[in-house]
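Worksheet for the structure shown next.
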Amino acid sequence: MRYAAVLVFVAACGFKPEPGNTPGDAMRDGGVDAPDAPKPPPDGVACYGTGLVSVCLAQPPPTTLTISTPTTVMTDVDASCTQIVAQAGEPAMCVIAAGTIMLDAQVIGAGTRPLVLVAVTTLSVNQTLDVSSHDGGTVGAGANATECVAPNQPEGDTGGGGGGAGGSFGGKGGDGGVGDGNNNGGMDGTAAPGLATAAQVPAKVRGGCPGGIAGSSNPMAPAGQAGGSSGGAVYLIAGDTIHVAATIVASGAGAPASLSQYGGPGGGSGGLVGLDAPHLQIDANVVANGGGGAEGGSTAANGGGGNAGADGTSSTTLAAAGGSGGTVDAGDGGDGSIASTLQGSPGGMFNGGGGGGGGGAGYIYVKGTVTGTGMFSPPASFH
């Protein structure tokens, strides 16, 4: 789909234009080395959003954008976007703008760029808005942010590799489980697991972090399977009101199934959902949960790989389950984050491969006055 083009600037949180200055003018406090002050937009340009990003429209956007049939927005296809806006250190944002926006059918955001929706007056989410990732399927818009730090590599072991850690974002992922728990293979005892990195607070519109790689059955070449992708990023701005009448979800993918004698990879973290308007009517759930870690693979004597972790849920009460039940002697995968439990559960330890850790929570950014009965998972961060 194609939209009329607009001019977009990215501004810091709390940016307030001062009249009488245009982009390109130097505003200094008199000191030789004084930095440039924020510049207001030129005459006729209206700006929206006062949180992580401010979007300035040089021309009036289309009066109304109504999506009435199920739609997948591929954010890395230029024609899908009103404007493509660069961000330092992260993929550019795909911005779609209109006077009013009504999502009357399911919208899925996929691709490398985060998705930003801007309404001059009102933005209504009347059917599911989904930038989640799924094991073996869709990767959410802007998932697997470039700022992510990968967990350490678990050890490989002929008795069972160490489990990979879950991805971390707004909450920490679960650590992987120890491999070769009975020390019945390899030369170095048990196989050390992946350890999750610290939680992060986003300073820009970006997705979460993928789950960690698993340990293999070979101590000399320990890298096993990659973990699940993170949830993506969607940021909503309105000049007056955002009404959320259906679920917005940015959950991480479950980790893929493990191989025999391998550890289980980690689940992906939740992504980012941003809501920025003077009035926020939240009557449905807003969710960015972690995916489940995979079960470890069996020992050589029993053979067989472990089950995948479940994809992150759209629930505020039901966590994504870690993989289990596929092996008789390997560690179970850890569950993904849910609600106020921001950290993914750790992977389990048994004789074979260690289980993968569950994905940590995503991040929900809210700026405006909130009313309504909808719930947030994880709890929202209010600005």
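The values are calculated or read from the model by the stated rules, or taken from the named source; none is laboratory data. Bear in mind that the values here come from a model prediction, so they are computed numbers and not experimental data. All Cβ positions, even for glycine, are placed from backbone atoms using ideal geometry, and neighbour counts span all protein chains on display.
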Matching residues, region 288-336, being buried (at least 24 other Cβ atoms within 10 Å of the Cβ) and over 28 Å from the mean Cα position of the chain (by Cα): Ser298, Thr299, Thr327, Ala330
Output for region 206-232, where each listed residue is β-branched (Val, Ile, Thr) and outside any loop (DSSP other than H, G, I, E, B): none
Matching residues, region 104-125, being closer than 23 Å to Thr138 by Cα and touching a residue at least 60 places away in the same chain (Cβ under 8 Å): Gly109, Ala110, Pro114, Leu115, Val116, Leu117, Val125
The one condition in (1) out of contact with any His (no Cβ under 8 Å at 6 or more places or on another chain); (2) at pLDDT 95 or above; (3) of a type outside the set (D, E, K, R) that Thr241 fails to fulfil: (1)
Failed condition for His243, given (1) over 14 Å from Gly164 (Cβ atoms); (2) of a type outside the set (A, V, I, L, M); (3) touching a Gly at 6+ places or on another chain (Cβ under 7 Å): (3)
Set Val116, Val125: member being over 16 Å from the mean Cα position of the chain (by Cα), buried (at least 22 other Cβ atoms within 10 Å of the Cβ), at pLDDT 95 or above and under 21 Å from Gly368 (Cβ atoms): Val125
Count of residues meeting criterion [buried (at least 19 other Cβ atoms within 10 Å of the Cβ) and outside any strand (DSSP E or B)] in region 360-376: 4
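Okay, residues lined up against (1) farther than 14 Å from Ala255 by Cα; (2) among the aliphatic types (A, V, I, L, M); (3) in contact with a Ser or Thr (Cβ under 7 Å, 6 or more places away or on another chain); (4) in a loop (DSSP other than H, G, I, E, B):
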position: Val273; (1), (2), (3), (4): yes, yes, no, no
position: Ser298; (1), (2), (3), (4): yes, no, yes, yes
position: Ala310; (1), (2), (3), (4): no, yes, no, yes
position: Gly322; (1), (2), (3), (4): no, no, yes, yes
position: Gly358; (1), (2), (3), (4): no, no, yes, yes
Selection status of Ser345, more than 22 Å from Val201 (Cβ to Cβ) and within 19 Å of the chain's Cα centre (by Cα): yes
Evaluation of Val85 against (1) at pLDDT 95 or above; (2) of a type outside the set (Lys, Arg); (3) closer than 14 Å to Val205 by Cα; (4) surrounded by fewer than 24 Cβ atoms within 10 Å (Cβ to Cβ) (one fails), failing number: (1)
Some residue of region 198-205 being in a loop (DSSP other than H, G, I, E, B), more than 28 Å from Ile84 (Cβ to Cβ) and at pLDDT 95 or above: yes
Flag for Pro62 being modelled with pLDDT of 75 or more, surrounded by 11 or more Cβ atoms within 10 Å (Cβ to Cβ) and either within 30 Å of Ile108 (Cβ to Cβ) or in contact with a Pro (Cβ under 6 Å, 6 or more places away or on another chain) (or both): yes
Top-ranked residue in region 61-81 [being part of a loop (DSSP other than H, G, I, E, B) and in contact (Cβ under 8 Å) with a residue 60 or more places away in the chain; ranked as farthest from the chain's Cα centre (by Cα)]: Cys81
Residue, nearest to Val131 (Cα to Cα), within region 82-106, restricted to residues that are within 23 Å of the chain's Cα centre (by Cα) and part of a loop (DSSP other than H, G, I, E, B): Gln106
Matching option when the condition is of a type outside the set (Val, Ile, Thr), within 22 Å of Ala361 (Cβ to Cβ), at pLDDT 95 or above and not in a loop (DSSP other than H, G, I, E, B), among Gly164, Gly109: Gly109
Some residue of region 178-199 being touching a residue at least 24 places away in the same chain (Cβ under 8 Å) and under 13 Å from the mean Cα position of the chain (by Cα): yes
